[in-house]
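These notes concern the structure reproduced below.
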Amino acid sequence: MTYSYDKDIEQYGKISKFHKYGRDGTYITPSGTLFDVDSYAAVAHAGGFVIPFFQAYMHPDQDEINYYSKEELLSILINWEKSLLTKEYDVNYQEQQMRLDLVRYFINVYKSNKSIWDERNEYVDFSETTGIPNIEENWYGRDVTLKSVLVQFCNYDSVESQLYRSITTSKFNIYETFYDYILHDFKIFQIPKKVYNETSQQYIDYEQSIWLISDKELRLKAELESICKEVPLEERYQYCKNKSKVKNYDFY
């Protein structure tokens with residue numbers, strides 16, 4: 001699947017670290033559409049839904065939900081999943097899908113016997129399950145742990161606000177997926193993909209053998225290098241794979 005190029009992504013990529021709603025970030029969803037969480041949080045009834053929800057379940061010992069047991073929170077998450085899979089919870093389809101993806105991530109975390117839950121000392125440590133250090137970080141106004149989870153664990157792609165025309169992904173087929181973006185001089189940064197191993201009850205790196213790189217990927221890479229070398233940026237839209245679907249196409 002090749003994502004259709006959306007001119008708006010360049011504006012999202014310019015968001016300043018001092019932007020009022022710059023905490024949540026902008027992502028490309030698994031279906032290829034842009035979700036500007038910053039703007040959505042500014043107008044949503046429960047603005048900024050992602051960060052509070054994520055931080056509460058990632059650091060329950062620091063939140064009021066610490067009054068619940070691990071098993072009770074797991075039950076709540078399972079009920080969340082059922083609700084999000086129906087039209088009963090219908091606010092914004094991108095919000096609904098993102099929360100569903102995060103709920104499924106946390107279900108794995110909370111059901112794992114590798115997750116430390118010490119109620120007596122109010123201490124929680126998910127690092128052995130997730131591979132993420134048990135610290136709360138915030139970089140240029142963005143929760144970097146949330147970004148890592150969405151990109152590595154949930155198949156989202158992050159539009160980098162500090163690196164213009166840059167996207168971070170855990171996908172392997174970057175030349176097919178981001179063909180139209182690479183045509184527009186976007187840099188694609190790859191980080192490891194994580195998958196849940198039911199046997200070990202841990203998230204582990206999912207590695208692709210170099211021998212499994214498809215001929216199509218190699219051909220698309222060479223094709224892109226040739227076009228970007230020979231064709232001026234303002235004319236490359238003609239070579240987009242999804243030219244008829246390019247949003248804001250009248251810009252050109």
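Any read-out appearing in this document is the output of simple, stated calculations on the displayed coordinates, not a laboratory observation. Every value quoted in this text rests on a predicted model; they were computed, and no experiment measured them. Cβ atoms come from the backbone with ideal geometry, glycine included; neighbour counts cover every protein chain shown.
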In order through segment 81-86: 3J(HN,Hα) via Karplus (6.51 cos²θ - 1.76 cosθ + 1.60), integer Hz, x for Gly, Pro: 4, 4, 5, 6, 8, 10
Give the separation of the Cα centroids, segment 163-214 to segment 70-105, in Å. 25 Å
Can you work out the FRET efficiency for the pair residue 75 and residue 144, with r the C-beta to C-beta distance and R0 = 30 Å, to the nearest 0.05? 0.55
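Do the alpha carbons of any pairs in 87/111; 193/243; 7/193; 147/194; 171/243; 193/221 sit beyond 18 Å of each other, and which pairs? Could the numbers behind the result be given before it?
On the way: 87/111 26 Å; 193/243 29 Å; 7/193 27 Å; 147/194 13 Å; 171/243 22 Å; 193/221 21 Å.
Long pairs (Cα-Cα over 18 Å): 87/111; 193/243; 7/193; 171/243; 193/221.
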